[in-house]
Structures are given as structure tokens and as C-alpha cells.
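One structure below.
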Amino acid sequence: MASLPVKDLPIIELFGPHRNYSNGLRLESAVEPDKLVQTHCCFCGMQCGIQLKVKDNQVIGFEPWEEFPFNQGMLCPKGVKRYLQGAHPDRLLKAYQRDPAAPAGFRALPYDEAIQRVAQEIERIQSTYGPDSFAVFGGASLTTEKAYLLGKFARMGLKTCNIDYNGRLCMVSAAAANKKAFGIDRAANPWADILKAEVIWIAGANIAECFPILTNYLWQARENGAKIIVVDPRITPIARTCDLFLPIKPGRDIALFNGILHLMIEKDWLDHDFIDTHTVGFAALAEHVKEWTPRRCAEVTGITEAAIRKAAQWWGSAKSSFLMHARGIEHHTHGVQNCLGAINIVLASGRIGREGCGYATITGQGNGQGGREHGQKCDQLPGGRDIENPEHRAHVAKVWGITPEELPRAGVDVYEVFRRIDRGEVRGLLNICFNPLVSLPDSGFIKRMLERLQFFVTIDFFMSETARHADIVLPGSLHEEDEGIVASAEGRVIKINAAVDCPGDARQDWRIIQDIARALGREKGLTFANPREIFEELRRASAGGIADYSGITYEKIEKQMGVFWPCPSDDHPGTPRLFEAGSSNPIAKGKGRFYFPDGKARFNVAPYTPPAEDVDDEFPVILTTGRVVSQYLSGTQTRRIGPLVDQYPEPLIEIHPQLASRHGIKDGEWVRIEGRRGICTLRARIVTTIRPDTIFVPYHWGGGKSINQVTIAAQDPISKIPEYKVCAVRILNQYGPPANAQGLEPQQ
Amino acid sequence: MSKEKLKANIWAFVVTAILARLITLGSGNLDRFDAALVPYTFATLFAVFGITRRYALWLHRPPTAMYWTRGWKVFLLLLHPRHVGSNAILFLRRLIAHYAFNDFIWRRGRMRWLAHWCIMWGCVIAVAITIPLVCGWIDFRSEADNLEWYRVLVFGYPTVAFPIRSLVGFLTFHGLVWSSFLVIFGVLLALRRRLSDHGAAALQQFGEDLLPLFLLFAISVTGLMLTASYTWMKGYGYDFLAILHAITVIFTLLWLPFGKFFHIFQRSATVGVAFYQDVGKQGEQAKCRRCGNEFASRMHVEDLITVEKQLGYRYEMPDSPVEHYQWICPRCRRALLGLAQGVLWNESQAQG
Amino acid sequence: MFLLDQNEFFIDPARCIGCQACVQACSECDTHKGHAMIHLEYVDRGQSTQTVPVVCMHCESPTCAEVCPADAIKKTEDGVVQSARKPRCVACNNCVLACPFGVPKMITDFELMMKCDLCYDRTSAGKKPMCATVCPSGALFYGPRPEIDQLRPRSKPMNQFQFGRQTITTKVHMMAPTGPVKAQYLDVTEVMNENGPRQRIALDILSNLYASEDGV
């Protein structure tokens, strides 16, 4: 039973989201903090350094950490106000059990009793339907230790193949493309290389709002003489002053990259030496892009031919460059192809593996990088190892003290797990650090699938929209209540430090996982006393793998202000820049710079295909989605922080005035977005900063305000990333305010 | 001496002279004057001179002068027979909320409010008791037929009488004790904040913020010691304490026109400002000549234009329909700053 | 106090991304805890994502202080124009309306004008102001002159502003291009009729999109 126990209003009333503001000690200007804890932000992949002010076991504010090299004290509004997530009235301080008779649908119960209940249900479901009938979902905001433990718990404790995580909605397309082209899934360069680049190409990345601190690197590069090219359907704050703006039609990125490569070949803006020595597959690719003439490229992408030629010239003739992309090109049914297209123009230029010559995907989640490397991804084992590779299986099985046969095989991605629920193959689910009801596309389907579960347990610190469907909610820990490592988007492994203790019955997530294992009587290998012990095992498990952490220690991280993996030995300083001349890796074994047996990078033919759901007469408008700067992901945390809610209270539909006037829509008016899967009614914000054929809606809200009621669940065949960035809709303004407009606060 | 200083001196002299005359008048040509209080009397006269002089100089500043004249005009408007009733009620309400209760400080912080409120009422009570005594306006005489009763003489005229050994008597004769307690409590609260608050620590200045607290504290403590001396210690050290107390009081009186204490006299302007704003709201509004939104009263904007000209600012925009920069709202002023810089960069990129 | 002489404040709205980190951080500063003193404005959101952060420019001759009837606004010896003195401020709003940069804020509840005081608790102790520490774009920068000269070769700091016929000199500097444009001051009122964003999406794509409907 995982349907809502009662209507959502009483649940919201008790569990929120409510807005928390500074009060008491946090508003005092006469408080001497007990201590300042150096740690990192709990939000995006930038992982800015921050010092938390602690008084009486409460985080009461922050102090910039100017010594940390990446951000030097800089923070975005989320980082500034993150301290308000602690001591929050909505915080879950007890375990809860679904109880339709209770006023808010949930009844508190003793923690141990809740754990027993979870164990009984897992036991019952697995013994009735088999081990794979119970699935585990993780998240990329977990520390790497927790992610590792969760993978081990699922595969060794539960023996289920069905484990995956919310990174599936993040950068998996880039990860897959990086593996195909370079053999390694990591940003190739540290951000510091941006400063030395002559041309910076930003594809589908709203850097100002999603990775604000990176802005300073861009502007600094420009002070040093760099030209900035931005490809985006919207004039984002970065695009406003960039040197060349390419307003691409959503879903056509690969066409642009192919068109650029076409011009690079035509004008011979190629690094032939590099292509010959360090790559394979160029000839086939060159043949493929022959048809991508500037004219065809312009027709498909909606960008003028002149702009395409200018971009190609800048890119082609640059001496140094940095190409970066984010979800804008990755959230597509051809996301992997888009990323491969980007990599192709990097490889053809030969500008990689050198100072000021770089390529990176900008990972969106706090531990998006580290969280996928060590075993909560359905097809990966610790160290970035392949779960289907016998050698890899043997290594990990040995570290875990089991036989390789005992290790489950590869599972499926999160969305496919929901389809398995639909087919009755999965009956129970343990969820942590993930709010799929808000974050997955076609959320109507997700809701129905949650309702089909026989047993659903979730570990969370707040009652998220998804947690409202749970049979048992276990009170987990906030970022500042636990320690561990994460890897930032540039591959820098850094340390999160605990500032305060868990309040009430809440406890660190790794303890909860181990408590469940013990209640199941399957605690073998899951009896760590602290995160450091988990990390020590993780180091051994990752040794020899691609994501080799074996030379990293907590102390080294502190001393060096982070260690870039791979770091294969105690005396190794880490690897800020990949693919440097003379570098070696465990795959190439000295044969070359790239992570393939021959040491050569791969060009991949990346054919253009239109989005899964293109516009037509019935649904003539493109809907694209993304973030705003003051909110983060599904908003479980940020929709509870008052000042952040006030900054951008409710989702708005960005509409170009041309499109708005077609429909007689005025600024601030209620507009209904209708798609094939659902509808969503929100207020319009009329702006000239978006393509006239496209509307944009941010995705951080749940319920009736969730744009994922409309988005499409079509996925990339390789990475399984959903196509959040394009679907077809129509817009209507004659329906007035939606039913939820009254009675709910903006964040609810 | 500049013209305004001369004027201020004349004002100060006149007001001081009036006070002196009131003293001779009230004390029956010093008949009922307590000679022991002479130093206080002179300090008061000097303080009045200083305060008046500073007040007059202050009123001379263009923005203050503008509010001063506007204030009286507004006042006359308020006296219109149709509204005089409701305006009187409003005036009383503001007086009580602002001056008696200090509601605006209450909203800034409860402890802050408590500190100020205690200090303020302590001082008000103390001044209300001492000034009439110091000026010889009030005199206590035992009744001819009943030595157990005191009769209060004001300006020599007999008013109420009360028994010496009564609650009223006790409260009256110890009025300064009660006010001292209030002041000491308030000063300690204020000092605690000043010593612990990081913001206050950065901004406060000794002369401006701490000295007034120390002075009030010194007055109250020496005053209490006087009472203690004659009540319980048979006048031990009374003369010394009396001099000490006199020094603290006289210094404070003479300090009144210069330091923080001058706000006591300045704040009277808030009533005028409030009514000025009321009248402004009812009148025509100024529309920003860039965005078209109303942002202030037309009267306020025009008055500011006058004041700015008087001050020597040249915000005129003769070649533009805007005419004067004061017709631009604050939001547009901020936006213009960004636009202006953006335009500079655009031009530079277009040329570069 | 002495550090103030070495460190200076530089603003560069061209870099601003409108993230409001400055606004959120401003209210964390001890001299005005709970109140953000910095302004962040969209110039015209309908037309552009351009935003401008406005801190107090700390004028050499502050209009706000001179139009104050209560003499409540004071400048420190190191040139920082402070919030209104609490005992004196009569909440008349003169400063709010007269400041050429639109900086002071009237806190109606407190009957008090408050404004950016350069985080005096921090800067007087050698720290950077909150806004300039957190600003992710470098739109707000606080540091020694040689440092900014070295970091921003394309820019030169400027501290004179023209409003109508009035020139205002400030302690805070605005970054202007070093390039071909040679301006002695930033003429603010000159751009009264400007609103032109640099990037535009000038695509006539809707006529194709709605071709059938239009009967074209």
C-alpha cells in the first residue's frame, strides 16, 4: 500500500513544506559561535567551501571560507541560506508509519519498531517474490561512503539487482559519452583551466543559475581575452553579455556540433597530428558530417548560417579552448549523441589534456560525480567498475568476502524499475535521497506506480512529496550531521564535515541502512562503526579501477584542499587534468593517454534524430524545463528555506511576447499548458529572452505546480536519461486559476 | 560671526533671558529660591542657552527649515474645523505611541525597547521633579495649623497639600530614587547590548554612544548614594557626595546640546514629519518620469528640488523632458546605473 | 580601520547574473542582521536578464546626509556613509528620494532609514563585506587596487557619476571599459531613454510555426 493515507492537505499542514526564517540565535548579532566547521555546500556539483557557524548544537549561520581554492568564499543564495534547513519545524524527528486514521496520515512509532517492520516486509516480499522484487533507490546528494554502503547493502545484503539512483536524471548521458569517447567518466579538466582558454563554448548550461560560482571563471577568462559562445534557447544571464549567442531550437544540439565539424573539416581547422596519433574513427565521422552543411545545420537548429560560421571560425582557429555542457544537451532521447557531438569537435581540435584546453560536463548534483562511481548505479561496481565484467566482479567480490556468483547482475535504471513495478516484478522499494514524484517525468505514472507497491520505505529528513506515499518513513540525517567525502563536478574529492548531531530519533543514513541489515540478519559486511571505516574499504574496493581512490585519505584531502581522482597510491598527489601527455592509466597501460587498451580516444558518429515528441498542429509549442538559482532539484530542502522561496516563490512560464500575443496572454496571467500526458496551470512571465517557439518552466515544485506532469518519459536508449528538455504542448489562457491556487502557500 | 550664528545667539539669549525672568518670577524674586541649588540653576540656564542655539542653527539648515515651515503650514491645515477633531485624536495617539510608549523601538527589539523606555521615563520623572525645584518654581511648606502636612506652592501659589508621613509623601520625596532605579536598570541593559553586540561594537563611538550612558549612570548612582547617606548613614560623606553629584549633573546639563541627548529635542520633528506625510498622501502624487509609477508626494519632490538647489546641488536636466533628476524614482535610479554602465561596455565592444 | 585604506569596493553590473547571493548574504551581516541593504534590480525583465546590484557608493559629499533634516547621516573618518543614527532619524524619507543612486531604505516599522554601511563590522575588522565575499560573478569586488588592476585588464575603475548637471564623486568604484571609449565619468542620466539589451532573439519563426492557422 503506497497510496496517500489521507488527502495531501493535512499532510502538508503537519509536515510542510513550511518556510523557515532566521529567528532566535540566528537573528542575534551578539552571538559568539562555539565553533566554525569547514565543510561544503549541500547543494550542486560545484561543492563550494563554506564554514558553518555552530552554537549550542545548532547551525546558526555561515562564514565564507575564502581559503578554499575553488570558490574562495563565493556562494550562491542557496549556499548562503542553507543553514536554515537545520532546526526546521518540518524536520522528521521520529520514525513514522502510514496510518489513515491519524490526522495527518502518519503515526510516530519507536525507531526500532520501524526498523523491525521494514525488515519483516523486505523478508516477506523477497521470500514470496524473489530477491529482485525489492528495489533500492539512492541519490547523488549522498556522500560517497553512503552511496558505496547502499550499493553493498543492495547487492550483498538484499541480493537484488534493482538498485539505481537519481543521478539517472542528471549527467548519465555525459557519463556514457565520456566512456565511449575517452574510456573514463570524469570532467577532463579542473575548472582552473577555463581561465587560460581562448574560446569557451557553453552548450545547454545555464551556468549563472545552476552553477553560479563558475561565472567568475568565465568572466575572468574573458578579462584574459577569451571569447564566450553560448548555445541555449534562452538568453540566460550568461548569454546576455556573451560574445556569440546561438539561440538553438531545443533538441537540435547534435545537428549544430555536426555542422561545426563540417566547417572545421572544410576549412581544415583540425589538429591532424593529434587525430592521427591519439584517436581512431575520424574518417567515418568525417564522412558522416559531409551532409551537415551550414545551410542544413541552420535549417535544423534554427540558428542563422552566419552565426554558425562565426562560431566554427572562433572554435576552429582557437589556440586554447574549453567546452562545457550540462543538462541542456544531456536531457534528451539522444543525449549521449549530443555529448558525443561535443566531444567530437573537441577531439578534432586536439585541444584536450593540456593547460587551458579542456572539456567537461558540469555535474548538477552535489555528489553527482562521486555518487555514480562507487556502486549505486545499476550497472556499476565500486571504482567505476562494470558489473558485467568478470574481472571487475571478482575484485569487488573479494573485497566484500563473497564469491562473484553471489553478486547480482546488472539491474535497470530508475524509470525502468517503475515499469517493473507496473509489471509486478518489483513489489517493494527502499528510497533514500530521491524525490521521484517531483523529479521524474510523467509524474502521473510515477504516482500510480508508487500506489501499486506492496511496501514502500523511505529515509528522509523531511516529508518529501514521495515520502508521503511511504508505509514507513525513517528519519535520516542532514548534510551537516554526518561526515564523508564527495567528488565535485571537476573530479575533486573533498570532505564533508559534521557540524551538529542528529536531533531526536534521527540518525545518520549509514546507521539506518546497517540497522535494517542487522534486523534482517544479513549484517555480514555491513557493520561499519563510522564513515572512515567505510571509506577505508571503499579505497580498497576502488583500487585498480578507473575511479581509483586508493591513495586518497581524509588527511590528504584536508591538507591539499581536495584530491582529484584517480589517485592510485599514497604518494600520488591526484590528477587534476586527465589525458596529459605522458600520463598512464590502468587500461592503456602506457600505450596512450586515453582509457582504452590502445590508449586512443574514439570519434563516434553521432547521427541527428529529432526529439521523441516533436511539435505538430495539435501541440505546436516546445516545452523545455530547467532550474532557477534559488531552488535546487525537487525543492525538498530549498522549498523549506523562507528567503529562497521568497526570491522565486512559484514556477512561472516564460513565454515570448510574439507567442503570448498569439494567444492573447498577458504578463502574470494564468496559462494552462496541455500535453499528451497531463496539464499544468501556472502564471505567465512574458519575456523576449526565449525563443518564440519555446516555453520554459522550472521543475522544482510538486503537485499541481509540477511541470513533470507534462514532460515525457522517453529515454535515451544508452544512458536512459529522460527527455526533460523537449516535449510538445499547447497553451491556453481561458481557464483561470487552477484548483490548487487557493489554500496552498507558494512552496507547497 | 555668520548671520545664522548671530541669529541663533540672539534666540538663545532671548530664551535664556525668559527663563531667568521666569525663575525670578516663580521664586518670588528668589525669596523661595533654595540657595544650595544655585550651581544647578546656572547649569540649567547654560544648557538652555546651548540647546536653543543649537536648535536655531539646526532649523536653519535648508532641509530642516523646509520641514519647519512646511510643518507649520501643515499644522494650520490640520486645524481646519472639519478635521480638527480627528486630527487631534490622531495627534494624541501618535504622541502616546511614539513618545510615551516608544513603539518604534519596541519593533526594533524588545530588550532594546525596555532599555530605552526605562532610561527615558527615569529621566523624564527626574527632570520633572528637579527642574521646578532648581528654578524655585515649586516649594513645600508645612501647614501653619498642622506640621504633619505639607502644602505645595507653585510660583508662590498654594495648591494641594498632603500628609508628610503618607504613601503620597513617601513616593513624592523619593521620586528621584525611583527614577534612578529606572535609569540604572535601563543603562545596564543598554550597556550589555553595547558590549556584546557585534554590530554595535563596530559602529559605536565613545562620546556619542557610551559617554551618555556613563553620565546617566553616574548621576543616578551618586544621587542614590546621597539618599543612602542621609537616610541610613547619618549623612556620612554627604558634602563630598553632593559635590560629586553636582558635577555629574552639571556636566550632563552642559553636554545636552552637543551629544546624543540632543535627540530629545530633535525628535519633536517626527510629529511634524508624520503629518507632512499624511498631507502628502492626500495630495497629488509624483509620477516617475521614466517608469510612470507614483513614488512620492508631489509636494515632497518639489520641496526636495528646492532644498537641493539651496544646498547647491545641480540635479537639473534642462535638455530633457525629465527637467530635474528628482522626478526619477529610486528604482529607476538604480536601473539607470546598470544601464549606463552596460551602454559603455556595449559601445566599447562595438568599437573594439 | 587601517585596512579600509588599502581595500576598496568595485562594482561591475556587466558581470551581474542576478542570483541574489549578495542580497541573501547582506542580511547575515551583524550591523543590519535580518535586513538586506543591497539592492538587486532587473533593469527590465521583459526585455533582458540584465540585473544591477546597487550598494551604497559612499559619496564624497553625500546628498542623503545633506538633505537629512535631522542631521542623522554621518560619514566616518574613513569615508563610509553610515545608516541613519537611530536616535535622530525622523523617518522623513528625504534621503531615500534624494540619493542619486537610490540606495537608502526606509524601514517603516522601525521609523528608521537603514542603508549599506559597507558591512562596517566586517570591513572595520579587516574582513570583506558579505556581498563582495559571496558574489559569484565578481560583480561586487572588495580588495586592494593592485589586485583588481591585475585581475581586470579590460576594465578601469571610475568613481565619478553625472546626473543632469551634477557630478558626484564616490568612494566605491564602477568598472568601466579601458577600450576605445574614453569617458571621464559615467553619465547616468544620459541613458534615460535606453533599454537596449545586447543579445536579442530576433527570429521570425512563429509565422512558420502557425503557418496552417494563418493560411499562408
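Assorted remarks:
- Computed [θ] at 222 nm, helices only, for the protein assembly as shown once each DSSP H run of length n ≥ 4 contributes -39500 (n - 2.57): -11000 deg cm²/dmol
- The angle between the Cα long axis of helix B:330-351 and the main principal axis of chain B comes to about 40°, on a 0 to 90 degree scale.
- GNM top mover of B:LEU253, B:LEU311, B:LEU213 - chain B, alpha-carbon springs below 10 Å: B:LEU311
- Tilt relative to chain B, helix B:211-232 - C-alpha long axis, 0 to 90 degrees, to 10: 10
- Each of A:ARG107 and B:TYR236 was given a label point 7 Å from its Cα along the Cα-to-Cβ line. The distance between the two points is 7.3 nm.
- Positive-end residue, the stretch B:3-271 charge dipole about Cα centroid, Cβ charges, pick of B:GLY26, B:PHE206, B:ALA128: B:PHE206
- Residues whose amide H comes within less than 5 Å of that of A:LEU381, counting only those at least five positions distant or on another chain, are A:ASP386, A:ILE387 (H built at 1.01 Å from N in the peptide plane).
- Relative contact order %, the stretch A:19-85, counting alpha carbon pairs below 8 Å whose residues are six or more apart: 28
- The stretch B:201-248-the stretch C:152-172 distance, computed between alpha-carbon centres (Å): 52
- For the stretch C:85-98, 3J(HN,Hα) per residue [Karplus equation, 6.51 cos²θ - 1.76 cosθ + 1.60, θ = phi - 60°, Hz, x = Gly/Pro]: 4, 4, x, 9, 4, 10, 6, 7, 6, 4, 5, 4, 7, 8
- Student exercise, chain B dipole from Lys, Arg, Asp, Glu Cβ charges, in Debye to nearest 20: 720
- Cβ-based charge dipole, the stretch A:172-361, positive-most Cα from A:ILE352, A:ALA203, A:ILE184: A:ALA203
- Across the stretch B:284-351, C-alpha contacts under 8 Å between residues 6 or more apart give a mean separation that, scaled by the residue count, equals a relative contact order of 27 percent.
- Of all lysines in the structure, the ones whose alpha carbon falls short of 28 Å from that of C:LYS156, not counting any fewer than 8 places away in one chain, are A:LYS196, A:LYS227, A:LYS319, C:LYS75, C:LYS115, C:LYS127, C:LYS128, C:LYS171, C:LYS182.
- Relative contact order computed over chain A (Cα-Cα under 8 Å; 6+ residues apart), in percent: 19
- Equivalent-ellipsoid semi-axes of chain C, from the Cα gyration tensor, Å, largest first: 34, 22, 18
- Chain B: angle of helix B:38-60 to the longest principal axis, Cα-based, in degrees nearest 10: 10
- Gain on full stretching of the segment that runs from B:LEU147 to B:ILE243 - 0.36 nm per residue minus C-alpha separation: 31.4 nm
- Working from label points 7 Å from Cα in the Cα-to-Cβ sense, the A:GLU291 to B:PHE140 distance is 11.1 nm.
- Modelled label reach - A:ASN23, point 7 Å along Cα→Cβ, the stretch C:19-40 residues with backbone N closer than 16 Å: C:34
- Förster radius 51 Å - calculated FRET efficiency between B:LYS281 and B:ALA350 (Cβ-Cβ, nearest 0.05): 0.65
- Cα-projected label distance for A:SER3 with B:ALA128, points at 7 Å along beta-carbon direction, nm: 7.1
- Each Lys and Arg adds +1 at its Cβ and each Asp and Glu adds -1 at its Cβ; summed about the Cα centre, the stretch C:26-94 shows a dipole of about 280 debye.
- Alpha carbon centroid spacing (whole Å) that separates the stretch C:89-107 from the stretch A:623-696: 35
- Extended-chain gain in nm, criterion 0.36 nm per residue less alpha-carbon gap, B:ALA17 and B:PHE214: 67.8 nm
No value in this document is a laboratory result; all are computed from the given coordinates. Values in this document were obtained by computation on a predicted structure and should not be read as measured data. When we count neighbours, we look across all protein chains shown, and the Cβ atoms used for this are built from the backbone with ideal geometry, even at glycine.
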